[in-house]
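Novice: This is the structure, below, for whatever I ask next.
Derivation of every value follows stated rules applied to the coordinates shown; laboratory data play no part. What you see is a predicted model; the values in this text were computed from it and never measured. Glycine gets a Cβ as well: all are built from the backbone with ideal geometry, and neighbour counts include every protein chain shown.
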Amino acid sequence: GAGVSQSPSNKVTEKGKDVELRCDPISGHTALYWYRQRLGQGLEFLIYFQGNSAPDKSGLPSDRFSAERTGESVSTLTIQRTQQEDSAVYLCASSLVPGGFVGNSPLHFGNGTRLTVT
Amino acid sequence: QKEVEQDPGPLSVPEGAIVSLNCTYSNSAFQYFMWYRQYSRKGPELLMYTYSSGNKEDGRFTAQVDKSSKYISLFIRDSQPSDSATYLCAMSGNQFYFGTGTSLTVIP
């Protein structure tokens, strides 16, 4: 079956513009995560959705960042008034269950959106 | 103190060498331990996972967890140029925590 799909794969934008990044998780996966990966650095947790529960937004770096998810499907990450320090790869991941493994349910990643703010 | 510490490398080895990649962690509540492989311009892909302490082998890869020392390792035997990638350790309790990744190059 299809994996996690992210679009666009690359986005170049001018400082101050808004951008919207999209993630299509694996069908049936209730948990969805957004991470940011800066060049040469690890994965920085941004936000987590689990079913119809309130999302865990504790990783969002500022109020310029927001995310939505429609039910248990598509999610969009929006960055308003982009800054140069927002340049990074934004990774989306989904899993069948939240937080860890039950049986054989790992975290599956998309290939990310590479955002460049000029 | 970071939840997970991983030596960033880079690590360069000749083809056929045994590779050892390591991470330490601080939270004794972590239950699941994972290794992801990330090729350039791709997302991380799950390589190995273990639950609690012990060893797990899958082909040329062995994952080892020592909960008493809060230390996990990934061993790659008979390394191949196709193993050249960044390797991320990860662990979870009620959330996932990732190391910063170790860049590995296997030279033919």
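Novice: Please give the FRET efficiency for A:Thr76 paired with A:Leu39, using the beta carbon to beta carbon distance and R0 = 30 Å, rounded to the nearest 0.05.
Specialist: Plugging the Cβ-Cβ distance into 1/(1 + (r/R0)^6) gives 0.80.
Novice: Kindly put B:Cys89, B:Cys23 in sequence by how many other C-beta atoms sit within 10 Å of each C-beta, fewest to most.
Specialist: B:Cys23, B:Cys89
Novice: For the stretch A:1-56, with equal point scatterers placed on the C-alpha atoms only and solvent neglected, what are the log10 I(q)/I(0) values from the Debye formula at q = 0.13, 0.16, 0.22, 0.23 1/Å, to two decimals?
Specialist: At q = 0.13, 0.16, 0.22, 0.23 Å⁻¹ the computed log10 ratios are -0.45, -0.67, -1.11, -1.15.
Novice: Among the aspartates and glutamates, select those whose C-alpha is under 18 Å from the C-alpha of B:Lys2, and discard any that sit fewer than 8 residues away in the same chain.
Specialist: List returned: A:Glu44.
Novice: Averaged over peptide B:38-44, how many Cβ atoms belonging to another chain are found within 10 Å of each residue's Cβ?
Specialist: Averaged over the peptide's residues, the number is 6.
Novice: If you don't mind, there's one more thing I want to ask. With the convex hull built on the Cα atoms of the protein assembly as shown, state its orientation-averaged projected area in nm².
Specialist: For the protein assembly as shown, the mean projected area of the Cα convex hull comes to 12.6 nm².
Novice: Once the piece of chain linking B:Ser26 and B:Ser103 is laid out straight, how much longer is it, given 0.36 nm per residue of separation minus the C-alpha distance between them?
Specialist: Value of the extension gain: 25.5 nm.
Novice: Taking only the alpha-carbon positions of chain B and ignoring solvent, what does the Debye formula give for the base-10 log of I(q)/I(0) at q = 0.19 Å⁻¹?
Specialist: So the normalised log intensities work out to -0.91.
Novice: Listing A:Ser94, A:Ser7, B:Ser103, A:Ser62 from the residue with the fewest other Cβ atoms within 10 Å to the one with the most, what is the order?
Specialist: In increasing order of surrounding Cβ atoms, one gets A:Ser62, A:Ser7, B:Ser103, A:Ser94.
Novice: Report, in cubic angstrom per residue, the convex hull volume of the C-alpha atoms of chain A.
Specialist: Taking only Cα atoms, chain A has a hull volume of 99 Å³ per residue.
Novice: Under 17 Å from the Cα of A:Lys57, which lysines turn up, not counting those fewer than eight places away in the same chain?
Specialist: In chain and number order, there are no partners.
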